[in-house]
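No value in this document is a laboratory result; all are computed from the given coordinates. Just so we're clear, the structure is a prediction, and the values are computed from it rather than from any experiment. Cβ placement follows ideal geometry from the backbone for every residue including glycine, while neighbour counts extend to all protein chains displayed.
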Amino acid sequence: MTKNNFFKPKSRASIRRGQIITTFGPGALVNLELGTFIGMEIDSWKNTGPIDSIYEERLQKRLKVKYFRQPPSSETFPKGIPYRRFPRWLFCPKCRILKIYESWVVNDTRKYPTAPKCTSCRNKKLVPMSFLVACREGHLDDFPWVEWVHRNNNICDSNPILEYRTSLSGAGLAGSRIGCMQCGAKRSMQGAFSPDAFTTSCRGSKPWSKDWGHDACSQKLITVQRGGSNVYFSKVVSSITIPPYTDSLFEAIRDTNNWSVLTGIEIDDKEAFSTMKKTLLIAISQQIGRTFEDVKKCVDDMEELSERAELQSEEDYRYDEYQAFHGRYDTTTNNKRDFEVVPGNKGYDYSRYGIKDIFLVKSLREVRSLIGFTRLRPSESDVEHSNSEENIEVGKLVDLTDHEGHSSNWKPAIEVRGEGIFLTLDDSKIEKWCTKKEVKIREDMINKNYELSCKKRHITYNLVSSKYILLHTLSHLLIRQLSFESGYSGASLRERIYCNSSKNVNIMQGILIYTAAGDSDGTLGGLVRQARPERLSAVLDATIGVSQWCANDPLCIESQGQGFESLNLSACYACALLPETSCEEFNRFLDRALITNTDNIPGVGFLELEM
């Protein structure tokens, strides 16, 4: 690497840790004052200072990793997480010359050409091109400018000088033209976004890998815009820490350096591993002032519990949380800093709202981990908000490490603490309500649209029950109302729906609304306060009132399908939709007509109230 490729030591930008695992993680583009850059793979984090480890045993076993790691902070690693300049093609907005980055800086005499400039135009700042190409396998590459402009001619030079012009005489892409200054070939950008725009297949480019690797790939190239939402879809999974994983003894064990050593050991010899494990546990017991027997029993119990979590389905996983919120755990193994739940009914009867139990979640801990990313389309369990009618398969999940045959034993993650409200509906009332003819009709309407959507996108179709639609819609309406009452912004509140798919196993009908954000909103008790009896009735009354009327009625209430792929019925941005960071289903499967009866749709509401 020449000196012209180095940045000035103080040239850096600030990105929050939470953004690393959502928007600006490995493989994602970030626009900065210095240009556009792409996040490097997690293997490049190895030399970023002290490891800030996070442990969440249930999630570790599920993802088959030994620990999680927080992105390094500016205090622990002043140099920051590595990003690489991408795209490489830049143009001068004054002389309109288009060249690759290396060609621009070869004559730049500055020691640190941090922001590349055109030396012919009085150091005019260069601009990265807005067009890139990607494929469903997750590869990303510069737009093939040379091949594009010379499509009907032989390429005149291995490194020709191109010119990028825009004109108002042509509409849209027809007004953007690329020309070769050496042979005179010209071509507009019209047709660049068509499915058959390119005759060659993907080169398998991975600019986020350390050596800019290339895979063998035969996928079609798709043109994308540098700032387009389809360039990067992060795949984040989360888990709430519940007893007995909140055991204060186990937390003390995990906080020791020897525990980090133990979790990082990779030895196939079981006898050698057992000996080393015993040695480290003895050291841990001495360090925390507990007996070896206590430490060994605690670790063995956690390993046994974690092994069970590895085999759990998503429903089983949530059922354990559902039980914990009901207080069904050994209180001696709980650390209230990570998990504290108290009953909220206090003699009040909420049956008129269909609610059986209310719990005040005074504290909870959530771990959110980035496990990969996709391009063009989200992974199977996610969905893209688009009106496209194309029959395009879901995106392939790309790993965060690029080593051939190597699977990293950690994933990037953040831990956040917050508060919340957990409520359950009356199961006997739900069971009776679900058998109503009017309810089945609306359930079938959503499922018919969902089945067609799944076939078009080649993903698995699973029946969405009216029970889930009810819980999900009520959750959205409550979040919207609580954001007014509690002072939290709507984007700071999140939902977690507990609903069983089988009638006889893991019976659940619960809603968790919580805030777990590490930003300025904080967790000051405002949400828990709203769940107290003297306040909650007013919140529920207001929520039900909102469900009966929308600013877009009668169009909204009489809708036969709206939103992405028509997967909602009576639900729009004026009544039931939330910021996508708050909803675990990307604003799908909503119908406020199922909450209470209205004059437009009588007999279908879960609550038959006169407000």
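A few points about this structure:
- For F143, nonlocal amide neighbours, meaning residues 5 or more places apart or on other chains whose placed amide H falls under 5 Å from its own, are V133.
- 3J(HN,Hα) from dihedral phi, segment 447-458, Karplus parametrisation 6.51/-1.76/1.60, rounded to Hz, x for glycine, proline: 5, 5, 5, 5, 5, 5, 5, 5, 5, 5, 9, 6
- Estimated distance in nm for a label pair at E315 and S218, the labels positioned 7 Å out from Cα along Cα-to-Cβ: 3.9
- Cα centroid separation, segment 549-600 to segment 295-332: 36 Å.
- Burial ordering of W104, W212, fewest other beta-carbon atoms within 10 Å first: W212, W104
- Share of pairwise Cα separations in segment 225-353, more than 22 Å, in percent: 55
- Take every pair of alpha-carbon atoms less than 8 Å apart whose residues are at least six positions apart; their mean separation over the length of the chain yields a relative contact order of 13 percent.
- Residue-wise HN-Hα couplings along segment 436-445, as the Karplus relation 6.51 cos²θ - 1.76 cosθ + 1.60 with θ = phi - 60° gives them from phi, are 5, 4, 4, 5, 4, 4, 6, 4, 5, 5 Hz; Gly and Pro carry x.
- Prolate/oblate/rounded label for the chain (Cα gyration tensor, a/c 1.5): oblate
- For D357, distant residues with modelled amide H under 5 Å away: T424
- Relative to the compact-globule estimate of 2.2 N^0.38 Å, the Cα radius of gyration of segment 314-594 comes out at 1.04.
- Expected 222 nm ellipticity per residue - DSSP helices of 4 or more, -39500 (n - 2.57), all of the chain, to 500: -7500 deg cm²/dmol
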